[in-house]
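Some notes on the structure that comes next.
The values are calculated or read from the model by the stated rules, or taken from the named source; none is laboratory data. It should be emphasised that the depicted structure is a prediction, and the values quoted were computed from it without experimental measurement. Heads up, the Cβs are rebuilt from the backbone with ideal geometry, glycines too, and the neighbour counts pull from every protein chain shown. All accessible areas refer to the heavy atoms of the entire protein, side chains included, with ligands and DNA or RNA removed. Shrake-Rupley method; radii C 1.70, N 1.55, O 1.52, S 1.80 Å.
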Amino acid sequence: MMAEFQEVSKQSGLHPKPAGLVLQYGTAGFRTNAKDLDHVMFRMGLLATLRSKKTKATIGVMVTASHNPEEDNGVKLVDPMGEMVTPTWEGYATQLANAEQEDLLTALKDVIEKEDINMSQEANVFVGKDTRSSSASLSQAVLDGVSALGGKSKDYGLVTTPQLHYMVCCQNTQGKYGEATVEGYYKKLCQAFIQLTKNASNCTDDQKHLTVDGANGIGALKVREMESHLKKELHISLFNDGSKGKLNHQCGADFVKVQQKAPTGIEMNPGERCCSYDGDADRIIYYYSDSKGQFHLLDGDKIATLISTFLKELLTQAGLDLQIAVVQTAYANGSSTRYLEDTMKVIVRCTKTGVKHLHHAAQEFDIGVYFEANGHGTVLFSKAAQEKIQQLAENTGTDDERKRAALLLQNTVNVINQTVGDAISDMLLIEAILAIKSMTVQQWDAIYSDLPNRQLKVKVSDRRVIDTTDAERRAVSPDGLQEAIDGLVKKYRQARSFVRPSGTEDVVRVYAEAETQESADDLAHEVSLAVYRLAGGVGGEPKPLH
Ligand SMILES: CC(=O)N[C@H]1[C@@H](OP(=O)(O)O)O[C@H](CO)[C@@H](O)[C@@H]1O
Ligand SMILES: [Mg+2]
């Protein structure tokens, strides 16, 4: 034990912390300019090793800053079943990252003591990275941290975030979830996809075509790697593949969702399905332009609706009595919530922003479909639900229609990456559903009409002055802010608005929706002004959009 600590002391000197720098494990791990992250990476290597010893399982560390600009980077920890690391350990992550150089050992020993960790237990850590230029040296710093504490590591190199989550889950289920290799991932997903599409009759080449915006990131590399496994059942035209453009610049899922416009660098033909991944390929957004050149967005809410409609139909056909729920956040379009509750009659839950909250809520149902409006989401099937589906699919006495539905459900389970939202897996599922239902993107879009909406950012001197409640839908501080928002919302029809401090950027986010785009824009602007005035805005006052 002493030897290990000496090694940590020695090695940490090679990954020194800039004195005074304070960072927080936020909505999706640490995220900031890459130049400030070397010490954080080394320390997350240490922490992952401790987490592995504690859980007696393999832990994942992913080096990425997702949709942030290329200059940024970040790190997320993955727990044994492929889920986000548990909140207590997020706290430890923050403590370790912020300990000044001379206090690091004390901070480390503090975690060991609090968690009563047996230091002679062996440790295994899987490491992955995205395509940022800083990712190579930063992931090396993680590996250094693991080895300093005597842990074993496996470096998966360039992988998408969801691929790393998948590897961790495969490893800790002794291969029951799949084979812990990138090849194994493609095989499992593509086999299921091909089985599903066998149920699509007369699918033309046009219908099999999909335009993909790879955001100039890791998703582009990986979808290209996967293509041969698809056996031509899906024809992908890949743009923004990283060969010339800059990561996430004017492209990618976040850009398309927030700007509500097509990315640059792609060719769009009227009526054709297009999708965008984000920088680490854990989000996906669909869109198309109509014959008049008008842009139409199909976001996470539309995706959740399509998937839950499909699953509900299959459950009915299979005669399976399983409870299905959709989990959303406050950013979900009001029309989607209304459609899901009133027309589809499924249970809808609203949680705080951040996948870990949605994932947790979705685990409470037989089938939990969760999506953030920005396109991050997946479907969770409880163990009991999976067993029931399997039994029905394998039972020789089952009649044909029920059996067909059960087999479809079984392949649906296999095409989905249940560990975390996954652009590639979600894409395969969506493509399969559209093919099976022989549905065009326009028909999918027409399931319900989005309420016009607007998202804005406001800079304030300290965003922590804003505190929220009711799954972030209401502000409890600063004084007067919620009253101001309530007053403004009353001026517009079908309006809703809320504000919350971002967990990934130093801004306050403002969301507004209303009957018309103009109203949504005006409301968002007025609420931004209220935030600026009541919550310590900095820089110039927010300008109106019109
Ligand atoms: C409005 C919005 O899209 N917020 C995003 C964003 O979080 P913020 O806390 O809003 O910065 O990044 C998170 C991580 O990717 C994602 O989970 C979340 O949905
Ligand atoms: Mg992401």
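What fraction of the Cα pairs in the stretch 204-306, stated in percent, has a spacing above 22 angstrom? Spell out each step's value before the answer.
Working: 1337 of 5253 pairs.
Counting every Cα pair in the stretch 204-306, those more than 22 Å apart make up 25 percent.
Centroid-to-centroid, using Cα positions, the stretch 47-119 and the stretch 343-391 are 26 Å apart.
Filter LYS129/LYS352; LYS56/LYS188; LYS222/LYS292; LYS114/LYS154 down to the pairs with a C-alpha to C-alpha distance above 29 Å, please. Intermediate results must be reported in sequence, preceding the final value.
Working: LYS129/LYS352 27 Å; LYS56/LYS188 26 Å; LYS222/LYS292 34 Å; LYS114/LYS154 27 Å.
Flagged as over cut-off: LYS222/LYS292.
Please report the net charge: other residues with Cβ closer than 11 Å to the Cβ of TYR448, K and R +1, D and E -1. The partial results should precede the final answer.
On the way: positive: LYS302, ARG338; negative: ASP301, ASP342, ASP445, ASP450.
Net charge in that neighbourhood comes out at -2.
Taking 18 Å as the cut-off, the amide N atoms of the stretch 36-50 that come nearer than this to a point 7 Å along the Cα-to-beta-carbon line of THR88 belong to 47-50.
Coupling constants for the stretch 490-500 follow from the phi torsions by the Karplus curve (6.51 cos²θ - 1.76 cosθ + 1.60, θ = phi - 60°), and in residue order they are 4, 6, 10, 7, 6, 9, 7, 8, 8, 10, 7 Hz; glycine and proline get x. The share of C-alpha pairs in the stretch 453-534 whose separation exceeds 14 Å stands at 56 percent.
Across the alpha-carbon atoms of the stretch 197-249, the computed radius of gyration and Dmax are 12.9, 40 angstrom. Shown in residue order for the stretch 462-467 are the 3J(HN,Hα) couplings computed by the Karplus curve 6.51 cos²θ - 1.76 cosθ + 1.60 at θ = phi - 60°: 9, 5, 5, 5, 8, 10 Hz (x for Gly and Pro).
Annotation: amide H of GLY26 within the under-5 Å range of ARG31, sequence separation 5 or more or interchain, hydrogens built in the peptide plane. Our coupling estimate for the stretch 193-204, obtained by passing each phi through the Karplus curve with A = 6.51, B = -1.76, C = 1.60 and θ = phi - 60°, is 4, 5, 4, 4, 6, 4, 8, 9, 8, 6, 7, 7 Hz, Gly and Pro reported as x.
Translational diffusion coefficient, Stokes-Einstein: compute it for the chain using the Kirkwood radius over C-alpha pairs as Rh, at 20 °C and 1.002 mPa s, and state it as an integer in µm² s⁻¹. The Stokes-Einstein estimate is 89 µm²/s.
Dividing the mean sequence gap of close Cα pairs (under 8 Å, 6+ apart) by how many residues the stretch 181-450 holds gives a relative contact order of 21 percent. Sequence-distant contacts, meaning Cα pairs under 8 Å at least 6 residues apart, place the relative contact order of the chain at 12 percent.
Rg/Rh for the stretch 2-158 (Cα atoms only, Rh after Kirkwood) is 0.92. Scaled to the globular estimate 2.2 N^0.38 Å, the Cα spread of the stretch 181-450, given as radius of gyration, is 0.95. Could you work out what % of the accessible surface of the stretch 2-158 is carbon and sulfur, using a 1.4 angstrom probe and leaving DNA, RNA and ligands out of the count? C and S atoms contribute 51 percent here. For the stretch 34-155, the relative contact order comes to 40 percent (Cα pairs under 8 Å, sequence separation of at least 6). Within the straight-line cut-off of under 12 Å between alpha carbons, the aspartates and glutamates reachable from LYS459 are GLU505, ASP506, GLU541, sequence neighbours fewer than 8 places apart in one chain being disregarded. In this structure the stretch 453-534 gives 47 Å² per residue of accessible area when probed at 1.4 Å with all protein chains present. Taking every DSSP helix (H) stretch of at least 4 residues in the chain, weighting each as -39,500 (n - 2.57) and dividing the sum by the residue count yields a mean residue ellipticity at 222 nm of -12500 deg cm²/dmol. Amide H contacts under 5 Å for LYS154: VAL125, PHE126, VAL127, restricted to partners 5 or more places along the chain or on a different chain, H placed in the peptide plane at 1.01 Å from N. Other residues with beta-carbon under 11 Å from the beta-carbon of ARG463 carry, at +1 per Lys or Arg and -1 per Asp or Glu, a net charge of +1.
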